[in-house]
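Visitor: Below: one structure in structure tokens.
The values are calculated or read from the model by the stated rules, or taken from the named source; none is laboratory data. A quick note: this is a predicted structure, and the numbers were derived from the prediction, not measured. Note that we place each Cβ from the backbone using ideal geometry, even for glycine, and neighbour counts take in every protein chain shown. Ligands, DNA and RNA are stripped out before the accessible areas are found, and what is left, the full protein with its side chains, is counted by its heavy atoms. Shrake-Rupley method; radii C 1.70, N 1.55, O 1.52, S 1.80 Å.
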Amino acid sequence: MESITQPGIEAYEAPASIADAVQVLARGDVTVLAGGTDLTVQVDAGRITYGKTLMNIRRIAELQGVSEAGGRISIGALTTVTNILDDDALAQSVPVLRATADRFASMQIRNAATIGGNLVNASPAGDMIVPLLLLDADVELASWRDGAVSTRSVALKDFFTGPGKTVRADNELLTRVTFAKPAAGFAARFEKSGPRPALEISTVSAGVAGTLENGVLSNVRVVLGAVAPTPLRAAKAEAALEGKTLDGDTIAAGAAAACDDCTPIDDVRASAWYRHHLVRVFMERLLTDVAEN
Amino acid sequence: MSLKTEVSFTLNGRAVQVTVPVDMNVLTMLRDELNMTGTKYACGEGECGACTVDVDGETINSCLMYAVDCEGRAITTIEGLRTADGLDPMQKAFVDHGAIQCGFCMPGMIMQAKHLVAKNPNMTDDDLRRGLEGNVCRCTGYYKVFDAVKDVVRGTAEAAE
Ligand SMILES: Cc1cc2nc3c(=O)[nH]c(=O)nc-3n(C[C@H](O)[C@H](O)[C@H](O)COP(=O)(O)OP(=O)(O)OC[C@H]3O[C@@H](n4cnc5c(N)ncnc54)[C@H](O)[C@@H]3O)c2cc1C
Ligand code: FES
Ligand code: FES
């Protein structure tokens, strides 16, 4: 039946290059489709209505795959969580990416879910965001300006502005996420909650990273997921840990500080009290694991 | 009404052309447009795996994939497993082990099990459990399912020797 209130999609595009894709975006009112695992569910739930144009980006080869150049690793927006899980070279240089991918949904979801979709969807519980924040990653955004593709780079820690919200402008395509290849001695860990190992939207997730030398942790990064409107760099916890000998007292102080960093809510998945408890337990577990290995 | 477009792809080895609304999912296209009702609809949001199909050698939840994205791809559904010789070895193992009760989850379960064996013929019991995490079954308690797949894994390993 013809619907009057829902104008519906007027054009479908499946560009084969970034240049073509950003020209479609320049027309305005475009809905981007990658793996579809968030889009389908959110359209069905009424949280997203389609723009005039539906643009399927899955045919853009330039957006696929992992590469390394000049000491930086680049992960294309269309790289799936399965691609990350199966990439032995990537797991060798950045084990925390495989460890996180391994906790992500089910294999069928991982086969479709892309890194770009996980970042732009900007869920406070988005799992791949946590290790990428630990790695000080940047995202690259492309748009069409003055007859050419123009790109800008945004630090991932400045990318998220609220649940489902980012600094990406409507005419921008997320093309890749990049980060410096971690130096020797860099340790990073990820943990997420949930009664089942997989298919669990994180009640709380946490990540810890730093360089451990002679028992002292430096360049500390602490990231907490699902305890604030966006995934969070936990500044108080980082300060409590930076340059300290990673012993029992430091671990307890870091875990306590992390609880001060977060502002969890009560919702259907868990109470704020329980989320605070999980933050403390995860922090202790992750820091102990870093100290012991 | 949504815009429609034509998609061409290979379905169970045969070329198919179908005109679909651009926001239709693969599951609805298979069941309602192509009358291929082997693939099941249960949760419709990626949680249960009943709608699992193989796309270019990867399994996905067909309730989440857009039909327009099938263009140029090769899709295999449960209907594609049966050959002139009869049931696929995986289907046969499920039958032999009594691993099927109401059967509703089984098209997806069997597609995923086949994918797991193809991806890793040497999988461990843990790989198997983890690999079927996205397939919910209300009836069997999974043990007979695991036994059936393990039989096929053993057979594949022996055949390779
Ligand atoms: C059953 C189920 C379980 C899940 N489990 C998890 C989990 O464990 N952990 C987790 O983090 N997430 C989980 N998710 C959420 C989802 O799978 C991920 O967020 C996934 O990475 C989204 O990627 P996609 O390619 O499917 O995105 P899509 O659904 O295609 O897109 C998501 C959003 O991003 C936009 N977009 C996508 N790519 C780009 C781009 N390159 N440039 C600009 N905009 C873009 C789209 O317009 C859309 O708004 C789950 C989802 C389901 C249905
Ligand atoms: S119907 Fe697709 S996963 Fe349940
Ligand atoms: S056999 Fe009934 S749901 Fe699996």
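Visitor: I'd like the distance between the alpha-carbon centres of segment B:81-109 and segment A:250-276, rounded to an integer number of Å.
Guide: 47 Å
Visitor: Follow-up. Could you work out how far apart the two model spin labels at residue A:281 and residue A:92 are, taking each label as a point 7 Å from the Cα in the direction of the beta carbon, and quote it in nm?
Guide: Going from the residue A:281 label point to the residue A:92 one covers 3.7 nm.
Visitor: Another question about this same structure. Anyone know which of A:101, A:239, A:257 comes out most mobile in the 10 Å Cα GNM of chain A?
Guide: A:239
Visitor: Relative contact order for chain A: what is it in percent, counting Cα pairs under 8 Å that are at least 6 residues apart?
Guide: 15 percent
Visitor: Then there's this: Let's test the formula: R0 of 51 Å, r as the Cβ-Cβ distance of residue B:34 and residue A:26. What FRET efficiency results, to the nearest 0.05?
Guide: With R0 = 51 Å, the Cβ-Cβ based efficiency is 0.90.
Visitor: Taking Cα centroids, how far is segment A:21-55 from segment A:144-174 in Å?
Guide: Cα centroid of segment A:21-55 versus Cα centroid of segment A:144-174: 16 Å apart.
Visitor: Further, regarding this structure: How far is it, in nm, from the label point at residue B:147 to the one at residue B:124 when both lie 7 Å from their Cα along the line to the Cβ?
Guide: Inter-label distance under the simple model: 2.4 nm.
Visitor: Still on this structure, I have one more. Amide H of residue A:166 versus every other amide H placed in the peptide plane: which residues, excluding those fewer than 5 positions away on the same chain, fall under 5 Å?
Guide: Long-range HN contacts for residue A:166: A:161.
Visitor: Moving to a separate point now. Go through segment A:12-45 and flag every residue whose accessible area shrinks by 10 Å² or more with all protein chains in place compared to the isolated chain (probe 1.4 Å).
Guide: With the partner chains in place, segment A:12-45 has these residues losing at least 10 Å²: A:12, A:33, A:35, A:37, A:40, A:41, A:44.
Visitor: In segment B:61-103, whose amide N lies under 11 Å from the spot 7 Å out along Cα-to-Cβ of residue B:14? List them in ranges.
Guide: B:80, by backbone N distance to the label point.
Visitor: Kindly express, to the nearest 10 degrees and within the range 0 to 90, the angle between helix B:106-119's C-alpha long axis and the longest C-alpha principal axis of chain B.
Guide: Long axis of B:106-119 versus the principal axis of chain B: about 70 degrees.
Visitor: Please name the residues of segment B:113-161 whose accessible area, counted over protein heavy atoms with a 1.4 angstrom probe, falls by no less than 20 Å² between the chain alone and the full protein assembly.
Guide: B:119, B:130, B:133, B:134
Visitor: For residue B:4, list the lysines whose Cα falls under 30 Å from its own Cα; do not include residues on the same chain fewer than 8 positions away.
Guide: The reachable lysines, counting only those whose Cα sits under 30 Å from residue B:4, are A:52, B:40.
Visitor: A follow-up question, please. Can you compute the modelled spin-label distance between residue B:6 and residue B:56, with each label point 7 Å from Cα toward Cβ, in nm?
Guide: With each label point 7 Å from Cα toward Cβ, the separation is 2.2 nm.
Visitor: Give the calculated FRET efficiency between residue B:43 and residue A:68 to the nearest 0.05, with a Förster radius of 30 Å applied to their Cβ-Cβ distance.
Guide: 0.15
Visitor: Treating the angle as unsigned and between 0 and 90°, give the value, to the nearest 10°, between the Cα long axis of helix B:143-160 and the longest Cα principal axis of chain B.
Guide: Taking Cα atoms only, the helix is inclined about 80 degrees.
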